1. Rounded, prolate or oblate for the chain? Axes are the square roots of the Cα gyration tensor eigenvalues, ordered a ≥ b ≥ c, and the cut-off for rounded is a/c under 1.5.
2. If you rank Arg97, Arg133, Arg11 by how much accessible surface each has, with a 1.4 Å probe, what is the order from largest down?
3. Quote the FRET efficiency, to the nearest 0.05, computed for Lys38 versus Leu72 with a Förster distance R0 of 22 Å and r equal to the Cβ-Cβ distance.
4. Rounded to the nearest percent, how much of the accessible area of the chain (1.4 Å probe, protein heavy atoms only) is carbon and sulfur?
5. Counting only heavy atoms of protein chains, what accessible area per residue, in Å², does region 1-134 have with a probe of 1.4 Å?
6. So for the pair Glu13, Arg81, with labels modelled 7 Å out along Cα→Cβ, what separation do we get in nm?
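The values are calculated or read from the model by the stated rules, or taken from the named source; none is laboratory data. What you see is a predicted model; the values in this text were computed from it and never measured. Note that we place each Cβ from the backbone using ideal geometry, even for glycine, and neighbour counts take in every protein chain shown. Areas reflect the complete protein model, heavy atoms only, side chains present, ligands, DNA and RNA absent. Shrake-Rupley method; radii C 1.70, N 1.55, O 1.52, S 1.80 Å.
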Amino acid sequence: MRFFSFTLKKREEKMLQIFYDSQDFFLLKEHEKSGPKKGVISQSVKDVIQSLVDDDLVFKDKIGTSVYFWSLPNCAANQLRTVYRKLETDLQTNKKRHTELVEQCNALKKGHEESDAQEEALNELKAIEQKHREQL
């Protein structure tokens, strides 16, 4: 399942509106006829519907030899609620993980504070490196 892009193209919006207005089941042939009436080129209807199916905004089911497409306004709302709940759960999990990692990082830093001896050794190392560069 892909997350909604929320930036549907105009032709996708128009096709989705056909589903919402009728609240009925359609065959692809029916949409190829009704698409041009709403301003969608009949050759692109199949691609537009497939895009909506991929975004889980339109559902499809094969019954016998026919493939039916449908979408109801409440189906999209339910899906948005499901995606929202999943994102909220992921956010809480990630916040908890972040807190744990910050605590772990702070615990690891204890005992590794910089001391005067360490600072003197680093300064001495820098001086030696500088002398070495000058000799080259």
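1. Cα axes put the chain in the prolate bin.
2. The ordering from most to least exposed comes out as Arg133, Arg97, Arg11.
3. The calculated FRET efficiency here is 0.75.
4. Answer for the chain is 54 percent, counting heavy atoms of protein chains only.
5. Dividing the accessible area of region 1-134 by its residue count gives 78 Å².
6. Reported label-point gap for Glu13 and Arg81 is 2.6 nm.
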